[in-house]
Each structure stands twice: as structure tokens, then as C-alpha cells.
Amino acid sequence: MPVVNPQALSSDISQFEKLAERFSLIPLDGKRPIEANWQRFCTTRRAYKTEDFEDRNAGICCGPASGLLVLDVDAPDAFMTIVESQGFSLPETMKVQTGSGKPHYYFRYPDDGRLYGNKGFKHPVFPRLTIFDVRGTGGQV
């Protein structure tokens, strides 16, 4: 699986331009979207303008506009314990390592006409701990 370092991307606007060819991008202040109603770009692709991303981070909108669902793993050890104990396996897909060192797994958004939203999965014993989130329509990474 290829691994992408998002910190390397944030320092190079040309990388944002390449990402914008494939995904609906929004400008961020750190990890926070700066535009009101940015979620609309999960279903309708946002036009890319370089000046919107100067001195900013870029977020990829999940959903049909980018053709993307993302598995955002917040507790990698707990996640892998669940995967292994249940006999699951992760399909071959693109894996991105976040700035905090945690993985995002990118999957093709289903083309069945349904909207898939966001869902967090909590630890069964420690309910304040999110093990992973699914990022779909209305989410960004």
C-alpha cells in the first residue's frame, strides 16, 4: 500500500493542484475548514483556485464529489486487535499516514446512488475512546 505524508503535501502547493485533479479540496486553517457550508463540496466538486490554498492546508471532501470513503483510525492498536480477533482483513487500498502518525485508509465511494455519511465507533470498555471513524458525505480528511 502506498503511504503519503500529508505534511510534505502541505508545504507544496503543486501537490494540492495534483490532488484537486482527483478530489474535491477545501482550504483549512490547521484541520478546520474555513468556509461556511463546506459540506456541499462533498456532493458537488469545489472549483480549485490556487490563491484559496496559499498559506493554508487542504482538506479532501469525502463523498461522491471525490468518490471517496475514508476509514480514519484513531486508536491503531485497539483497531488492529479488533480486526485480528474477529478474523477480518483490510482490503488492499491506499493508506495515508496523518501528521499524528495514525492511518487513513482510502476506499472508492459506492456508486449505488445512496449517500453514506460519517460514523464513529467507540471502544466497548472505554466509551470515551473512539477507535475509528468512517468519513463519508459531510466529512473531510
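The values are calculated or read from the model by the stated rules, or taken from the named source; none is laboratory data. Everything numeric in this text was worked out from a predicted model, so none of it was measured. Methodologically, a virtual Cβ is constructed for each residue, glycine included, from the backbone with ideal geometry; neighbour enumeration extends over all protein chains shown. Ligands, DNA and RNA are excluded from the accessible area calculation, which covers all protein heavy atoms including side chains. Shrake-Rupley method; radii C 1.70, N 1.55, O 1.52, S 1.80 Å.
Scalar couplings 3J(HN,Hα) for the stretch 91-105, obtained by applying the Karplus form with A = 6.51, B = -1.76, C = 1.60 to θ = phi - 60°, are x, 4, 7, 6, 10, 10, 8, 6, x, 8, x, 9, x, 10, 10 Hz; x denotes Gly and Pro.
Using the 1.4 Å probe convention, the accessible area of the stretch 10-141 works out to 60 Å² per residue with neighbouring protein chains retained.
If the chain between Arg108 and Thr130 were fully stretched, how many nm would it gain, using 0.36 nm times the residue separation less the Cα-Cα distance? Working shown, then result.
Details: separation 22, 0.36 × 22 = 7.92 nm, distance 2.32 nm.
That works out to 5.6 nm of additional length.
Residues whose amide H comes within less than 5 Å of that of Ile131, counting only those at least five positions distant or on another chain, are Phe121, Lys122, His123 (H built at 1.01 Å from N in the peptide plane). As a fraction of the 1.4 Å probe accessible area of the chain, surface on carbon and sulfur atoms comes out at 50 percent.
Between Ala36 and Ser85, full extension at 0.36 nm per residue minus the direct alpha carbon distance yields a gain of 13.5 nm. Helix 76-85 versus the longest principal axis of the chain: what is the Cα-based angle in degrees, 0 to 90, to the nearest 10? Rounded to the nearest ten degrees, it is 50. Rounded to the nearest whole angstrom, the semi-axes of the ellipsoid equivalent to the chain, taken from the Cα gyration tensor as √(5λ), stand at 26, 17, 15, largest first.
For the chain, a crude dipole built from +1 on the beta carbon of Lys and Arg and -1 on the beta carbon of Asp and Glu, taken about the Cα centre, is about 360 debye to the nearest 20.
Can you compute the helix-only [θ] at 222 nm over the chain? Use -39500 (n - 2.57) per DSSP H run of at least 4 residues, normalise by all residues, nearest 500 deg cm²/dmol. Intermediate results must be reported in sequence, preceding the final value.
On the way: 3 runs with 23 residues, N = 141.
One gets -4500 deg cm²/dmol as the mean residue ellipticity at 222 nm.
Any idea which of Pro76, Thr43, Ser89 is furthest toward the positive side of the dipole for the chain, if Lys and Arg beta-carbons carry +1 and Asp and Glu beta-carbons -1? It is Thr43.
Farthest towards the positive end of the charge dipole of the chain, among the residues Gln140, Phe16, Pro27, is the Cα of Gln140, using unit charges on the Cβ of Lys, Arg, Asp and Glu.
Remark: relative contact order (the chain) = 29 percent; criterion is Cα-Cα distance under 8 angstrom and separation of 6 or more residues.
Given a Förster distance of 25 Å, report the FRET efficiency between Ala47 and Met94 from their Cβ-Cβ distance, rounded to the nearest 0.05. If you can, show how the numbers build up before the last one.
Details: r = 24 Å, r/R0 = 0.97.
That gives a FRET efficiency of 0.55.
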